[in-house]
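A.B. asks: Please find one structure pasted underneath; my questions will follow.
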Amino acid sequence: MPDMSASAHLAMSHLVTLAEFDEDKVTPGVLGFIVFAVMALAVWGLMKSMNRHMNRVDFAEPGSGAAESENAGRPAADAAGKKKQD
């Protein structure tokens, strides 16, 4: 069975060339993956928070009750038509 060991040796030499460590090749490694995953989770959380805050904002469309929204922050006397003294 010398033929079987020669083919096994040939197969192993091909596998070893795939698994060689190249000192000139730079890879991010596990630390790079962890940093990237933390940053992705932070962006996801910030987007979720921004979406919640934007849903709370009530935008007044122009022409539909703009006068009502102007008076929304004033006291009832000012909103009824009394002019403020400058």
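A.B. asks: Among F36, F59, what is the fewest-to-most ranking by other Cβ atoms within 10 Å?
C.D. replies: F59, F36
A.B. asks: Here is a follow-up. Tell me, E23, E61 in order of fewest to most beta-carbon neighbours within 10 Å?
C.D. replies: Lowest count first: E23, E61.
A.B. asks: Tell me, what HN-Hα J-couplings in whole Hz come from the Karplus equation 6.51 cos²θ - 1.76 cosθ + 1.60 at θ = phi - 60° for each residue of the range 53-63, using x for Gly and Pro?
C.D. replies: 5, 5, 5, 7, 6, 10, 7, 8, 6, x, x
A.B. asks: Using the count of nearby Cβ atoms within 10 Å as a rough guide to exposure, how do V26, V35 rank from fewest to most? It would help to have the intermediate numbers written out before the result.
C.D. replies: Details: V26 7, V35 11.
Arranged by neighbour count, lowest to highest, V26, V35 become V26, V35.
Here, each number is a calculation from the coordinates, and none is a lab measurement. As the structure is a prediction and not an experimental result, all values here were calculated from the model. Every residue, glycine as well, gets a Cβ built from its backbone with ideal geometry; the counts of neighbours run over all protein chains shown.
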